[in-house]
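**Student:** Before we start, here is the structure in question, set down as structure tokens.
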Amino acid sequence: MQQKNSFILGLLFLVAACGGGGGSSSTEPTQPPVPEIQPTINSFTFLQSNNISLDEDITLELSSDGSSYSATVSSSLVLTGLVASFDFTGSSVSVNGVTQQSGVTQNNFTNPVTYRVSNSQGTSRDYQIVLTNAVAPTITSFAFASGKNSELNQDVNLELDGNTFKGRVTQNINISELVPSFSYTGSSISVDGSPQESGVTPNNFDNLVTYKVVNDFGDEKDYQIDLTKFTGLPIINLITDGSVQIDSKEDYVEGDVSLDGRRDFESLTDLSMKIRGRGNSTWFIHPKKPFQMKLSDKSAFLGMPEDKKWLFLAEYSDKTMLRNTIAFELGYMSNLDWTPAGEFAEVYLNGEYNGTYNITQKVEESDNRVALGDTGYLLELDQLDRIDPDDVYFESTVTERFIINIKEPDLDYGSEEFRYIENLIAEFEEALFGANFQDENIGYKNHINLESFIDWYLISEITKNVDSRWYSSIYLNVMPGEKIKMGPLWDFDLAFGNTDYADTQYYQGWWIRFNPWYERLFEDPAFTQMVKDRFIYFKNNEDLIIQKIDMYAEKLKWAQAENDQKWQTIGKYVWPNPVIYDTYQEEVDHLKNWYLARMQWLEEAFNDL
């Protein structure tokens, strides 16, 4: 038993020595640690499909030191709100602690953005994402040097306004072959695809010219060159045969006319014409003379419908040169059948500058003017001392205040046509001043077109036109068998307070209402109410008239200065101005203030009727 136990103990000892329990006789080797995968951004792009502002995909390049991705992009690309697409190795990507999702998350790349990529072991790595806008293509200066352009008497430097360079050549010279000098940033500059070289390449600057600048990135930018010639107005050249003077209102002088229409009107060359003086006080009193031009053949002129006769209003008594034009603007918004059109232009007479003129249509029968056909009448209420020897006229039989001058048609005293119109006016006056003048059937309403009588009255009263009470330039027109109409409007240079010899200089007080016809019409309450109702329309449009005054004054900003340099009227007394101002703008402001005060006075006065 003892031997057996000894055997067992020995066996156990042997087993223990061999590692026991059937196991291996040696210990397993230790495994090496798994290598840590480094966090990296492998690629970085901006895909067009994720960014509507992109024209194409943008792929950024990794720097040589592996710390940043960068790209140069279009100068016009806005770098805010861009969505990046990226491939990375790691567990997450973040910007300022905010997790980023490729193709989803927006960021502002105006400045460099740091993307941090991390792995599961907590290791992180930063990448700078840098987008740089390419240098924008720009024109930095634009000028016309007198050294490069022999006709220029001084350099002309243009100023940038938005994407337009603006400037003015103060001379009346040819600007169709000017050579500009410019500086720019970019790889090329062209006009209509033609390369341009500063100080070398000429262009025609009569109209706007577009210069295109391109940079190396392919970005383009257009600049318009807006060069004003002289005053910016159309330029009329009148050449009389033998350069003879225009010194008569009766006798025409033969010659030719050319029109440089600038950008707004068709130019005309060497049209045959004849020209004479016109007007009354404007012809005899002032040194700057008004004219009537008659073309040999009908032609459109300054955008106005074709005809032969065109008037050149000197606007000498009106230092704003706007009163006729603003009265016409009131006419355009009225119920009058026709109001003359007009355009401002610079006028040269036999090569010498003669000032700024208002070129207008003539008040006469014409399909494009007062359309009366072969049977209609154009009449003017006038004064005997203003009647020309060949005029045909008659006197009003009731008021004994008017001379009625038959402007159209040409007819003889005592003819059937003469008797017709003489009797027509007499019948109207008899009805107007008769006991039953308010009667709907036998009163004045049976003889006149009320709409035209009311609108003509209101425009003349608003402007307080001195001649329109009874003196002159009071036009009527009538077709046989129809009612008498007032109009067209004419001769408003002494309106809007521009007289020192009558109460019309003041904005207060009635004026046209005391015309004999209108004085009687206002005795009819129905007529008075119609006038009051219609005045509201003109009152509601007074802001529009102020805008028109400002618009035309801006249009004449250079013209008025050239005109004043020629005639030197600003700051001096000119008949019959009631006030004298030292600047053109003060004259314009006076016109506006007078008009507004007049409208306010009339509003209150009509309310009291």
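**Student:** For the stretch 593-609, give me the residue count where each residue is under 32 Å from the mean Cα position of the chain (by Cα), of a type outside the set (A, V, I, L, M, F, W, C) and surrounded by fewer than 19 Cβ atoms within 10 Å (Cβ to Cβ).
**Tutor:** 3
**Student:** Another question about this same structure. Has the stretch 318-335 got any residue that is more than 26 Å from the chain's Cα centre (by Cα), at pLDDT 95 or above and among the hydrophobic types (A, V, I, L, M, F, W, C)?
**Tutor:** So far as the stretch 318-335 goes, no, none of its residues is more than 26 Å from the chain's Cα centre (by Cα), at pLDDT 95 or above and among the hydrophobic types (A, V, I, L, M, F, W, C).
**Student:** Give all pairs with beta carbons closer than 6 Å in which a residue from the stretch 165-176 that is at pLDDT 95 or above meets a residue that is exposed (fewer than 15 other Cβ atoms within 10 Å of the Cβ) and not hydroxyl-bearing (Ser, Thr, Tyr); count only pairs at least 6 apart in sequence or on separate chains.
**Tutor:** Between residues of the stretch 165-176 that are at pLDDT 95 or above and residues that are exposed (fewer than 15 other Cβ atoms within 10 Å of the Cβ) and not hydroxyl-bearing (Ser, Thr, Tyr), the close pairs are LYS166/GLU159; ILE173/GLU151; SER176/ASN204.
**Student:** Here's another thing I want to ask about it. Restricting attention to the stretch 407-428, and to residues there that are acidic (Asp, Glu) and not in a loop (DSSP other than H, G, I, E, B), which single residue is nearest to the chain's Cα centre (by Cα)?
**Tutor:** Step one: list which residues in the stretch 407-428 are acidic (Asp, Glu), which gives 408, 410, 412, 416-417, 422, 427.
Pick out the ones that are also not in a loop (DSSP other than H, G, I, E, B) and you get 408, 416-417, 422, 427.
Values: GLU408: 38, GLU416: 52, GLU417: 48, GLU422: 48, GLU427: 49 Å.
Here the residue is GLU408.
**Student:** Return yes or no: is SER334 within 19 Å of TRP283 (Cα to Cα), out of contact with any strand residue (DSSP E or B) (no Cβ under 6 Å at 6 or more places or on another chain), touching a residue at least 60 places away in the same chain (Cβ under 8 Å) and of a type in the set (S, T, N, Q)?
**Tutor:** Details: within 19 Å of TRP283 (Cα to Cα): no; out of contact with any strand residue (DSSP E or B) (no Cβ under 6 Å at 6 or more places or on another chain): yes; touching a residue at least 60 places away in the same chain (Cβ under 8 Å): yes; of a type in the set (S, T, N, Q): yes.
No, not satisfied.
**Student:** Being in contact with a Leu (Cβ under 9 Å, 6 or more places away or on another chain) and either part of a helix (DSSP H, G or I) or open to solvent by 20 Å² or more (accessible area, probe 1.4 Å) (or both) is the requirement here; does SER317 meet it? So that I can check it myself, show each step before the final result.
**Tutor:** Numbers: in contact with a Leu (Cβ under 9 Å, 6 or more places away or on another chain): yes; either part of a helix (DSSP H, G or I) or open to solvent by 20 Å² or more (accessible area, probe 1.4 Å) (or both): no.
Here the answer is no, as SER317 does not meet what is asked.
**Student:** Counting only residues that are without any contact (Cβ under 8 Å) to a residue 60 or more places away in the chain and over 30 Å from SER472 (Cα atoms), give me the strands (runs of 3 or more DSSP E) lying completely in the stretch 209-306 with at least 1 of them. Break it down stepwise before answering.
**Tutor:** Values: elements: 209-214, 220-229, 235-240, 253-260, 268-277, 291-301.
By residue number, 209-214, 220-229, 253-260, 268-277, 291-301.
**Student:** Given the residues SER198, SER183, which is the only one that is assigned to a strand (DSSP E or B), more than 28 Å from the chain's Cα centre (by Cα) and not charged (D, E, K, R)? Full working, then the answer.
**Tutor:** Details: SER198 fails: assigned to a strand (DSSP E or B).
Residue meeting the stated conditions: SER183.
**Student:** Right, another one. Yes or no: LYS557 of a type outside the set (Phe, Trp, Tyr) and within 30 Å of GLY167 (Cα to Cα)? Spell out the reasoning first.
**Tutor:** Working: of a type outside the set (Phe, Trp, Tyr): yes; within 30 Å of GLY167 (Cα to Cα): yes.
So LYS557 fits the description; yes.
**Student:** Can you give me the number of residues within the stretch 408-419 that are open to solvent by 80 Å² or more (accessible area, probe 1.4 Å) and aromatic (Phe, Trp, Tyr)? I'd like the intermediate steps shown before the answer.
**Tutor:** If we filter the stretch 408-419 for residues that are open to solvent by 80 Å² or more (accessible area, probe 1.4 Å), which is where we start, we get 410, 412-413, 416-417, 419.
Okay, now just the ones that are also aromatic (Phe, Trp, Tyr), so 413.
Selection size over the stretch 408-419: 1.
**Student:** Check ASN149, ASN153, ASN172 and return the single one that is part of a loop (DSSP other than H, G, I, E, B) and touching a Lys or Arg at 6+ places or on another chain (Cβ under 9 Å).
**Tutor:** Result: ASN172 is the single residue among ASN149, ASN153, ASN172 that is part of a loop (DSSP other than H, G, I, E, B) and touching a Lys or Arg at 6+ places or on another chain (Cβ under 9 Å).
**Student:** In the stretch 429-480, which residues are more than 13 Å from LEU381 (Cβ to Cβ), small (Gly, Ala, Ser) and outside any helix (DSSP H, G or I)?
**Tutor:** Hits for the stretch 429-480 are GLY434, ALA435, GLY443.
**Student:** Checking the condition closer than 21 Å to LEU313 by Cα, out of contact with any Pro (no Cβ under 9 Å at 6 or more places or on another chain) and crowded, with 20+ Cβ neighbours inside 10 Å, which residue from ASN354, ASN405, ASN350 passes? Don't jump to the end; show me each part of the working.
**Tutor:** Details: ASN405 fails: closer than 21 Å to LEU313 by Cα; ASN350 fails: crowded, with 20+ Cβ neighbours inside 10 Å.
It is ASN354.
**Student:** Hey, can you tell me all the residues within the stretch 148-159 that are open to solvent by 90 Å² or more (accessible area, probe 1.4 Å) and touching a residue at least 40 places away in the same chain (Cβ under 8 Å)?
**Tutor:** Matches in the stretch 148-159: LYS148 only.
**Student:** Taking the residues in the stretch 71-94 that are within 15 Å of ILE129 (Cβ to Cβ) and over 51 Å from the mean Cα position of the chain (by Cα) as candidates, determine which candidate is surrounded by the fewest Cβ atoms within 10 Å (Cβ to Cβ). Walk me through it before giving the result.
**Tutor:** Our first condition is that a residue be within 15 Å of ILE129 (Cβ to Cβ); within the stretch 71-94, this holds for 71-73, 77, 79-88, 93-94.
Imposing the further condition that a residue be over 51 Å from the mean Cα position of the chain (by Cα) reduces the set to 86-88, 93-94.
Numbers: PHE86: 22, ASP87: 11, PHE88: 20, VAL93: 22, SER94: 15.
It comes out as ASP87.
**Student:** Return yes or no: is ILE225 out of contact with any Gly (no Cβ under 7 Å at 6 or more places or on another chain), at pLDDT 95 or above, of a type in the set (Val, Ile, Thr) and within 30 Å of GLU197 (Cβ to Cβ)? Step through it out loud before you land on a result.
**Tutor:** Numbers: out of contact with any Gly (no Cβ under 7 Å at 6 or more places or on another chain): yes; at pLDDT 95 or above: yes; of a type in the set (Val, Ile, Thr): yes; within 30 Å of GLU197 (Cβ to Cβ): yes.
For ILE225, the condition - out of contact with any Gly (no Cβ under 7 Å at 6 or more places or on another chain), at pLDDT 95 or above, of a type in the set (Val, Ile, Thr) and within 30 Å of GLU197 (Cβ to Cβ) - is met.
**Student:** What number of residues within the stretch 473-495 satisfy the criterion of being open to solvent by 20 Å² or more (accessible area, probe 1.4 Å), over 19 Å from SER366 (Cα atoms) and charged (D, E, K, R)?
**Tutor:** Qualifying residue count for the region: 2.
**Student:** Residue under question is ASP455, and the condition is that it be of a type in the set (D, E, K, R) and either touching a Pro at 6+ places or on another chain (Cβ under 9 Å) or over 30 Å from LYS249 (Cα atoms) (or both); does it hold? It would help to see each step written out before you state the result.
**Tutor:** Details: of a type in the set (D, E, K, R): yes; either touching a Pro at 6+ places or on another chain (Cβ under 9 Å) or over 30 Å from LYS249 (Cα atoms) (or both): yes.
Considered against the rule, which asks whether it is of a type in the set (D, E, K, R) and either touching a Pro at 6+ places or on another chain (Cβ under 9 Å) or over 30 Å from LYS249 (Cα atoms) (or both), ASP455 comes out as yes.
The values are calculated or read from the model by the stated rules, or taken from the named source; none is laboratory data. On a predicted model such as this, the values are computed, not experimentally measured, just so you know. Counting neighbours? That spans all protein chains shown, and the Cβs are built from the backbone with ideal geometry, glycine included. Areas reflect the complete protein model, heavy atoms only, side chains present, ligands, DNA and RNA absent. Shrake-Rupley method; radii C 1.70, N 1.55, O 1.52, S 1.80 Å.
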